[in-house]
Amino acid sequence: MLWVAGGAVPRQANCARPKTEIVERPTSFALRRTELRQLEKIAWKPGRGCGQVENSQIRDILVSSNAAGRRATAVLRKSRVERALAMNIRSSFFSGTNLDNFATSGALRFRARAAIPGGAHTYAKGDDQYPLLAPGFIARGLGCHVWDVDGNEFIEYGMGLRAVSLGHGFPAVVKAAVGQMSQGTNFTRPSALEVECAERLIELVPAAEMAKFTKDGSTATTAAIRLARAYTGRDMIALCSDQPFFSYDDWAICTTPMNAGVPRAMAELTQGFRYNDLSSAEALFARYPGRVAALILEAEKEVPPTPGYLATLRKLCHRNGALLIIDEMITGFRWPGCSAQSHHGIEADLSTFGKAMGNGIAISALLGRREIMELGGLNHDRDRVFLLSTTHGAETHALAAALAVMNTYRDEPVIETLHRQGSRLKAGIENSTQRRGLTRYFKLAGRTSNMVYACCDRDGVPSQTFRTLFLQETIRRGLLAPSLVTSYSHTNDDIDRTIEAIDGALAVYQKALEDGPEAHLIGRPVAPVFRRRATSTSAGTPRTKVRG
Ligand SMILES: Cc1ncc(COP(=O)(O)O)c(C=O)c1O
C-alpha cells in the first residue's frame, strides 16, 4: 500500500490543489511521472489532501503502462533512483529531524516487496510494524548498536525479537561459532557437541532429563505438542489465550485471525485458557474430560504468576491426565536462573527454549522428562514418535554458539545486568512520564529484563496511531525500540541517551494528545501482525474462544 500526501493545510473550496507528493518514497522509485499523476488522482481526497492507494491499484497502473514485468525484476538504474528521491523529498516534513535519510532502505524496500511476500522474512520485522519514517534494513550491529543501510546508527531495544541477549557480534559467541564453522558444520553422523550441549542444558533446567535440538522455537513447541499427544493418547491441546505466539504451525495459528490455509478441523483441537485464572483451566478439563493432552503457556509474561498459580495448574493438569508444557522462548536466558521454571520453582513436563540460547544464531531445544522424551527414542516398545529429526537441527557452529552463551551466563553477571540496565531505563522513563503528566498514556510493563510499553490515546485506550508516533519520534532520535528489551551490552551511557531520546519523543506525544496525533504522524499507523486482511488495521476475532 502506498500513502500519498498532499498539502498539510486542509483544502479550501477555492484554493488551488496543493502539489501532491509521495510520502512513502520506496514505492515511488518504481513509478514514472505519468504513473505518479495517475496515483495522485486516485489518492486525492478533497478537503484532506491525502489518502491511501491500494497495492492492486498500483499494480493496475503499472500493468496498464506496460511496465510491470520489467519493474518486478529490474535492478533500478541509479539515476532513476536519485531522480525519484529528489522528487519526493519534502524538507518541511523532516524539520527538527535528526535521522531522516532512509534512501537506500527505500530502494531496497521496493525490491524486497517484489521478491519476498510482505517484504520481510518475519512478519514482526515487516514494514507494517513500523512508521513510514523508519530504517527498512539493518546492515550491521555491534553490542546494542545497529546501523541501517543508509548508515544511520541506532541504539536498539528489539534485539532480534529477543534472540540477542548478550549483544550483536558478541566476541565469545562469534569466536566459538566461526571456529567451529571452519571445522565443518554438518556431518553424516552426530558430533560430540550434541552430547555436550544437551548435558549442559539439562544441568541448567532442573526438571529436564533429556534434550533435543532444532533450529527455531516454532518447531520445538510443535514437537512438544506432538510428544504430549503421543504420550497421553489424546488429540486436544490448550494454549494460554492471553499470550500471543507459540508457533507458526497449524495447531497454534488456527487460533489467530490470520488462519487462512489452516484446515478448520484444527481449530476444534486447540482450546484456550486464561492466564492466572485457574477456574478457566478447570472449566476446560470439565468440558473436555479425558481429551486434553497438554496445556502450554509461558510461565510469566507482562504480569507475574499469582502465588501458587503455576504449582496448582501443574497439579490440575496431572489430575486430569494432561501434561504441562512451559514455553521458555522469551523467559529462557532472561529470567533469574536462566528460566522462568527455575525462578518460580515449577517443574514442567516438557519445556522449550530458543531465541537467546544462541545469541542470534539459530538453535532451539525441546527438554523434558525422560519417560516422555524417550518416545522419540529407541528405549521403548510403544509406537515411535517422529521427534525433531531434521537435516540442520544440530549444526555444530550453532551448538558451539549455545555452549559459548551458556559459559558466558555461568561466568559473568548477564541476567543481573539485563535487569539492572532495564531498571535504570524504567526509572528514567517513569520520571519523564510523571513530569509530563503522561502516566495514563504511556505505560511500561513486564520484567525489567524484558519490558514492553503501551501507548494510549486521549481516552486512555491503547492506540496504534500513538504507538506509531512514539516509534517515529524515537527513531528520529536514534532509537529502534519496538520493545524495551535490554542486553548485556547496554551501557549506562546507552541507557541515559535512551532516556533523553524518549523524553524528547514523549514531548511530541504530549503535544499530540492536545492537538491530535495526525498533526505529528507521517503516514499510516502500524497494524497488528495477526489480522485477517493485509489492508485492515484491526486484529479481527480469533477463532478459538476461551470457554468457562
Ligand atoms: C513464546 C514464544 N514461543 C515460540 C515462539 C516461536 O519461535 P520462533 O519464531 O523461533 O519459531 C516465539 C516467537 O516469537 C515466542 O515468543
Checklist outcome for this item: Cα-Cα pairs in region 292-338 separated by more than 14 Å, as a whole percent of all pairs, come to 55
Checklist entry - In whole angstrom, how far apart do the alpha carbon centroids of region 193-242 and region 269-286 sit? => result 21
Item to check | Proximal charge balance of residue 203 [Cβ under 14 Å; K/R count +1, D/E count -1] | outcome: -1
Item to check | Relative contact order, percent, region 96-215 [alpha-carbon distance under 8 Å, six or more residues apart] | outcome: 16
Item to check | At R0 = 41 Å, FRET efficiency that the Cβ-Cβ distance of residue 378 and residue 491 yields, to 0.05 | outcome: 0.25
Next on the checklist: Quick check: Cα centre of region 479-534 to Cα centre of region 330-352, how many Å?
Outcome noted: 30
Checklist entry - What does the charge add up to near residue 309, with Lys and Arg as +1, Asp and Glu as -1, over the other residues with Cβ less than 14 Å from its Cβ? => result -1
Checklist entry - Once the Cα atoms of region 114-175 are picked out, what are the Rg and Dmax in Å? => result 12.7, 38
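Each reported figure results from applying straightforward, stated rules to the coordinates on display, with no laboratory input. This structure is a prediction, so every number in the text was calculated from the model and none was measured. Here the Cβ is made from the backbone with ideal geometry for all residues, glycine too, and neighbour counts use every protein chain on show.
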